[in-house]
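The values are calculated or read from the model by the stated rules, or taken from the named source; none is laboratory data. None of these values were measured; they are calculated from a predicted model. Note that we place each Cβ from the backbone using ideal geometry, even for glycine, and neighbour counts take in every protein chain shown. When the accessible area is computed, the model is the full protein with side chains, heavy atoms only, and any ligands, DNA or RNA have been set aside. Shrake-Rupley method; radii C 1.70, N 1.55, O 1.52, S 1.80 Å.
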Amino acid sequence: FVPLRCTQVPHVEHVLAGWVPLLGVALLDYVDRPSWRTASLFGVVFLMNGLTNIHGLFFGSFAIGATILLFVASGVRRWRELLIASAVAGLLLLPFLIPYWRVGKLPGMARDWMETKSYSATWSDWLVISDVNRLYTGLRDASVYPERKLFPGVLAIVAAIAAIALPRRSSRSVRPGLLWFGSGLL
């Protein structure tokens, strides 16, 4: 289900990033029905996201923080339960995050800005597929570094267009969805 990861088996943890969309759903549920129950659900999903995938923890936290700012700007005011549930989940994650922090302080374990920039994708990388993918052979490009082969597949593109174009009962999730799509693309 993640065609852009076909050549990167060591990145199998990205398959476990399913908690990130559930994190978004739990946040939207809390915004629609703020209560201790929906906040607790968010806290459990936040905890599982962090325990399952460190990338998902950081990317999901960024997406959730940006979305909360979006809702605060639009007038949503009740956040106490969600903040408490998130703080409890964060405290439960601390024993797992402290070793990451310690290893990051070791010599040679931190990446600098230039290294990050050299491995960053370009816009054209979204049109390049993995060399092992047999479906989109016309989009292969051996000169592109494997981690930058980002073509998500036609189904993902069609689903994104449908999500934007099709009418829906509530438009409350459209702005966060566009925010997540845009930040993920960038």
For Leu179, the accessible surface traced by a 1.4 Å probe with all protein chains present amounts, in square angstrom to the nearest 10, to 60
Sequence order, region 117-130: Karplus ³J(HN,Hα) from phi using 6.51 cos²θ - 1.76 cosθ + 1.60, θ = phi - 60°, Hz rounded, Gly and Pro as x, gives 5, 5, 9, 6, 6, 10, 4, 5, 5, 6, 10, 10, 10, 4
On the accessible surface of region 38-113, probed at 1.4 Å with all protein chains in place, carbon and sulfur together account for a percent value of 74
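What order do you get for 36-43, 80-87 when each peptide is scored by the mean count of other beta carbon atoms within 10 Å, highest first?
Working: 36-43: 19.1, 80-87: 16.5.
My ranking of the peptides, most packed first, is 36-43, 80-87.
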Note to self: C-alpha centroids of region 60-102 and region 129-153 sit apart, in Å, by 35
Dividing the helical contributions, -39500 (n - 2.57) per DSSP H run of n ≥ 4, by the residues of the chain yields a 222 nm value, nearest 500 deg cm²/dmol, of -19000 deg cm²/dmol
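Solvent-accessible area per residue for the chain at a 1.4 Å probe radius, Å²? Please report the intermediate quantities before stating the final value.
Values: 12400 Å² over 186 residues.
About 67 Å² of surface per residue is accessible.
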